[in-house]
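The values are calculated or read from the model by the stated rules, or taken from the named source; none is laboratory data. Please read these numbers as outputs of a predicted model, since none were measured by experiment. When we count neighbours, we look across all protein chains shown, and the Cβ atoms used for this are built from the backbone with ideal geometry, even at glycine. Quick note on the areas: whole protein, heavy atoms, side chains included, nothing else; ligands and nucleic acids left out. Shrake-Rupley method; radii C 1.70, N 1.55, O 1.52, S 1.80 Å.
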Amino acid sequence: MEAFEYTPLQGRVVFGRGTLARIADGVHQLGCRRAFILSDAHHAEGAAAKVLQLLGEHVAGFSTDAAMHTPVEVTERVISDLAASDADCIVALGGGSTTGLSKALALRTDLPQIVIPTTYAGSEATPVLGETRKGEKSTMRSMKVLPEVIVYDVELTYGLPPAMSLVSGINAIAHAVEALYAKDGNPVTSSLAEQAIKALGRALPLIVADPADRAARADALFGAWASGSCLGTVGMSLHHKLCHVLGGSFGLPHAETHTVILPHAVAYNAPAAPTAIDRAARALGADHAARALFDLAAGNGAPTSLREIGMRESDLDEAAAAAVASPYWNPRPIERDAIRTLLDDAFFGRRPS
Ligand code: NAD
């Protein structure tokens with residue numbers, strides 16, 4: 001065993017089916033009585049309405065304004081309602097965008113958060129917040145944004161459409177894969193990463209074939225938590241840097257961008273981190289991780305090229321330059337020409353060789 005450092009994150013995780021029904025207990029266990037509820041437009045009349053009903057007189061306020069990439073203007077609008085509501089906690093139900101709004105509010109108010117995820121993004125398990133101001137995305141880390149409680153209710157994911165489930169699940173796999181070769185990697189995070197990749201790799205094709213597959217839904221949501229926990233405890237590398245650039249500066253959709261880039265980032269890093277990449281391959285039940293990740297996307301109908309998800313070929317040079325500027329630590333040195341080739345492969349959706 002190599003020397004390592006590991007700092008576990010605080011927080012309670014409740015995982016199961018029908019756990020939403022116990023949300024009022026969750027609020028009371030935090031010592032709170034007035035919850036400000038956050039969600040997005042999709043859940044307004046469904047699961048979020050159920051939260052309002054379950055919390056009854058303990059609801060201090062309600063917003064369905066959450067938006068992708070946590071725009072500061074939205075946060076500032078909602079924070080004035082939150083201040084006026086005299087709430088003593090936040091309850092957020094939705095995908096990574098809703099969790100992002102919750103974290104942005106917690107950063108500014110220090111209110112405790114209960115997050116109820118409905119996608120596989122994994123943000124609920126991290127002390128990381130990405131915010132967008134005037135189109136520029138920046139990321140910060142603070143224990144203030146880490147939710148005190150996560151309530152996973154597998155039933156809330158049954159309605160996540162198969163195509164969205166697939167890209168959201170591959171977004172989660174990306175956290176786990178990069179954790180395997182992180183500079184500050186450790187045996188606890190790596191073993192969780194392997195479990196996450198295994199659970200998601202097995203579950204996602206089953207969900208695409210049958211979105212009502214209860215066992216696969218549970219496996220995928222467990223994988224999402226495990227992946228998010230990896231993202232929360234170790235640093236990310238080239239893959240996340242590229243997705244940050246492509247999402248932040250070129251407006252590409254979050255989970256789809258992760259899906260397209262991941263096989264190429266893994267192929268890039270494979271020569272420099274062979275043990276980690278072999279571990280990812282093993283978790284996927286394959287010989288070659290980059291190809292297996294490409295096939296997971298392609299074989300189940302997810303996008304495999306940047307051009308399909310809105311990238312312009314004429315922007316690839318600028319994207320390569322942005323990826324090379326202030327790079328994250330990476331097992332293989334970040335070389336501009338090799339990154340430009342990677343982006344070219346991703347643009348045209350070539351299967352890694
Ligand atoms: P999202 O929250 O925007 O959800 C995508 C779409 O799916 C939305 O239209 C939403 O209404 C819909 N949706 C959500 N749950 C659903 C369900 N169960 N059934 C049907 N539709 C549903 O997107 P996301 O991919 O979950 O999250 C992306 C955001 O999360 C990005 O802003 C990203 O930067 C952030 N993120 C942050 C971290 C972190 O650690 N800070 C980690 C991962 C992602």
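Take the residues of the range 47-65 that are of a type in the set (G, A, S) and in contact with a strand residue (DSSP E or B) (Cβ under 9 Å, 6 or more places away or on another chain): which is nearest to the ligand (Cβ to nearest atom)? Outline the logic, then answer.
Within the range 47-65, the subset of a type in the set (G, A, S) is 47-49, 56, 60-61, 63.
Subset that is in contact with a strand residue (DSSP E or B) (Cβ under 9 Å, 6 or more places away or on another chain): 47-48, 60-61, 63.
On the way: A47: 8, A48: 10, A60: 23, G61: 20, S63: 14 Å.
The residue in question is A47.
Would you call K103 of a type in the set (D, E, K, R), within 14 Å of the ligand (Cβ to nearest atom) and open to solvent by less than 10 Å² (accessible area, probe 1.4 Å)?
On the way: of a type in the set (D, E, K, R): yes; within 14 Å of the ligand (Cβ to nearest atom): yes; open to solvent by less than 10 Å² (accessible area, probe 1.4 Å): yes.
Yes.
For the range 1-45, give me the residue count where each residue is assigned to a loop (DSSP other than H, G, I, E, B), closer than 19 Å to G94 by Cβ and open to solvent by 40 Å² or more (accessible area, probe 1.4 Å). If you could, list the steps in order and put the result at the bottom.
Let us first name the residues in the range 1-45 that are assigned to a loop (DSSP other than H, G, I, E, B), namely 1-11, 17-18, 30-34, 39-40, 44-45.
Narrowing the set further to residues that are closer than 19 Å to G94 by Cβ leaves 11, 17-18, 39-40, 44-45.
Now narrow it down to the ones that are open to solvent by 40 Å² or more (accessible area, probe 1.4 Å): 11, 17, 45.
Residues in the range 1-45 being assigned to a loop (DSSP other than H, G, I, E, B), closer than 19 Å to G94 by Cβ and open to solvent by 40 Å² or more (accessible area, probe 1.4 Å): 3 in total.
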Q: Of the conditions (1) touching a strand residue (DSSP E or B) at 6+ places or on another chain (Cβ under 9 Å); (2) closer than 20 Å to L252 by Cα; (3) more than 11 Å from the ligand (Cβ to nearest atom); (4) touching a residue at least 24 places away in the same chain (Cβ under 8 Å), I173 clears all except one; give me its number.
A: (1)
Q) Is the range 28-46 home to any residue that is within 13 Å of the ligand (Cβ to nearest atom), of a type in the set (K, R) and at pLDDT 95 or above? A) no
Q) Residues in the range 66-88 that are within 16 Å of the ligand (Cβ to nearest atom) and more than 14 Å from K103 (Cα to Cα): how many? A) 1
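Looking only at the range 135-145, which residues are out of contact with any Asp or Glu (no Cβ under 9 Å at 6 or more places or on another chain) and open to solvent by 10 Å² or more (accessible area, probe 1.4 Å)? Reasoning before the result, please.
Quick first cut of the range 135-145, residues out of contact with any Asp or Glu (no Cβ under 9 Å at 6 or more places or on another chain) only: 135-136, 141-143, 145.
Listed by number, the residues that qualify are G135, E136, R141, S142, M143.
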Q: Would you check which residues across the range 129-144 are touching a Ser or Thr at 6+ places or on another chain (Cβ under 8 Å) and either on the phi > 0 side of the Ramachandran plot or of a type in the set (V, I, T) (or both) and list them?
A: T132
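Look through E148, E124 and report the one residue that is in contact with a strand residue (DSSP E or B) (Cβ under 7 Å, 6 or more places away or on another chain), more than 13 Å from the ligand (Cβ to nearest atom) and modelled with pLDDT of 95 or more. Please lay out each step first, then the result.
Working: E124 fails: more than 13 Å from the ligand (Cβ to nearest atom).
Within the list E148, E124, the selection yields E148.
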Q. What is the one condition in (1) closer than 30 Å to R17 by Cα; (2) among the charged types (D, E, K, R); (3) touching a Leu at 6+ places or on another chain (Cβ under 7 Å); (4) touching a residue at least 60 places away in the same chain (Cβ under 8 Å) that K198 does not satisfy?
A. (3)
